[in-house]
Every structure is written in structure tokens, then in C-alpha cells.
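The values are calculated or read from the model by the stated rules, or taken from the named source; none is laboratory data. Keep in mind the model is a prediction, meaning the values are calculated, not measured. A quick note on method: Cβ atoms are made from the backbone with ideal geometry, for glycine too, and the neighbour counts reach across all protein chains shown. Calculation scope for accessible area: heavy atoms of the full protein, side chains included, ligands and nucleic acids excluded. Shrake-Rupley method; radii C 1.70, N 1.55, O 1.52, S 1.80 Å.
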Amino acid sequence: MPVTMLVKFWRQKFVFFLTGFCLIFLLFACQGETTTQSPIPTATPAADQTATTQVPPVAYPDRELSATPAQLPKLPYAYNGLEKAIDAQTMELHHDKHHAAYVNNLNEALQKHPELKNSSVEAVLRDLNSIPEDIRETVRNNGGGHLNHTIFWQIMSPDGGGQPTGQIAQQINQTFGSFDNFKKQFNQAGGDRFGSGWVWLVRNAQNQLQIVNTPNQDSPIMDGLYPIMGNDVWEHAYYLRYQNRRAEYLENWWNVVNWSEINRRAQVVSQQQS
């Protein structure tokens, strides 16, 4: 074979070998790469969203409940005004002793920290982590007890009971199917609360009605919920008449429910969140 043809032959072989080697190298290199995906974009909230969203007062329609000094509110009826469900002696002890103790304990705790003198009960309960650790648990228990009971006295009435009316009646039917279904679920949630606590109808952040129960004196506002109505299932709320028969107390309690006040509370928060 002439030399020129021999050189040409080996040159072709070398090119073929080099091309194959490059292809194999690229194949293995691609298999070894780690595949990455573009990050999922996250929504950026409007800068003024938190600032413009206001939660309506919880205890009263026109103001938040002062924490310093906390004051025991008067009952809006006589001690025997709720005899259809709660006896006079229980009401007197519940208001004058238990609620008064929450008020006194809260005032005593907050005196240790004058920087909190302009705070409301609602404010400190919504941001418990900012409360000094040495009084945090006391504020949680007694501030919650003060707020919960202030609501409780208002949502009962000697003229209460019967079927709900107005907007709250429509919303209960839409959410729970009927008032009877709502009562059944509410009473069950109250009965299921082990030990001491409360059962609530609240409006959540999605502007929906929801039944929840809370332990001890925890308030729904600690979880971002607005309490529309609630029943106290601590034994001191019912034991003199009902002893251990919580279910009977829960059933009879509907005879004193103040639907007018509950309707007002439901409308206030619904308008605020809409």
C-alpha cells in the first residue's frame, strides 16, 4: 500500500476513534449532572396589609378591655335572672368570686411591669410572647379569664333562649345545616373538652363560622379567631345545680342565650372582615 494511502487510512481511523471517545465522554457527563428546578415563586403580601387589617374589639363593640387597671364589670341582670339555666348562688359566686379573682390577679401581675400600663387585655393575649416571662402565664390565665367572662355575661339574658334570629340564624343554617345540628355539635364540643375550659362559636380568618373548644381560660383570639359566643364548662359554672351532669347544663344553657347580642357580635366582625 502506498505511503500516502496508509497515512490517509490511519488518519480516518484516528478521527473516528476521537469522535466516538468524545461522544461517550459527553454521555457520561450528562448522566452525572444534578437536575435543578426553578424555585416556586412565593407571593409577596402587600406592604400595608397588616397595618390596614383591624380586628374589632372583642369584649365591647366600641373599645378593647383595659388591662391596667382591669375592672370587674357589673352583671347586666340580677343573680337570679338566669334561673332557667343557672341558679342565683352559682351566678353570685361565679361573678363576685371567680371573675373578681381573675381581675385582681391580672392587676397584681401587671403592676410589676409599668411599661404595660396602656395595654388592653386583647393586645396582651394576642401577643403573649412579648409579655415578660415572669408574668406571662399569670397574664394568660387571668387575662383570658377576665376577657372570657366579660363576654359570657353579655351573651346571656333573662329574656334569652329560643331560635336564633337575623343574620346569625342564616349563617348557622348555611354552615351547619340547621340550628339543631349546630346545637348538637356545640354541645358535643363542650362535652368533649376534658377538664376545665370553654366551647365557642367563632369566626375564623376566612370569615367562616367554626366551633372550637379551648382549655382553661385560653381565649380564641390567641389563635386568631373572633369569639361570637361561648359557654363556660368549668365546674364552677354549673356544679351547684348540676353536679357532674355537664351535658344537662349544656342543654339547659340554650334557654338563656342572648341572640340579640350574639347577632350583633357576628355582624361586627363579619363587616370588618368583608
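Of the listed residues M222, M91, the order by accessible area with a 1.4 Å probe, largest first, is M222, M91.
Overall, region 128-274 carries a charge dipole of about 280 debye about its Cα centre when +1 sits on the Cβ of Lys and Arg and -1 on the Cβ of Asp and Glu, all other atoms neutral. Structure note, pairs K97/K184; K97/K183; K84/K184: Cα-Cα distances above 25 angstrom occur for K97/K184; K97/K183. Note on Y239 and K97: the extension gain reaches 49.6 nm, defined as 0.36 nm multiplied by sequence separation minus the Cα-Cα distance. Just read off the accessible area of T68 with the full protein assembly in place, 1.4 Å probe, to the nearest 10 Å². Taking all protein chains as shown, T68 has close to 30 Å². Taking label points 7 Å from Cα along the Cα-to-Cβ direction, A247 and E115 give a separation of 5.1 nm. Taken along the Cα-to-beta-carbon direction at a fixed 7 Å, the label points for D159 and D87 span 2.8 nm.
Distant-in-sequence amide contacts of M156, defined by a placed amide H-H separation under 5 Å and a gap of 5 or more residues or a different chain, comprise N258.
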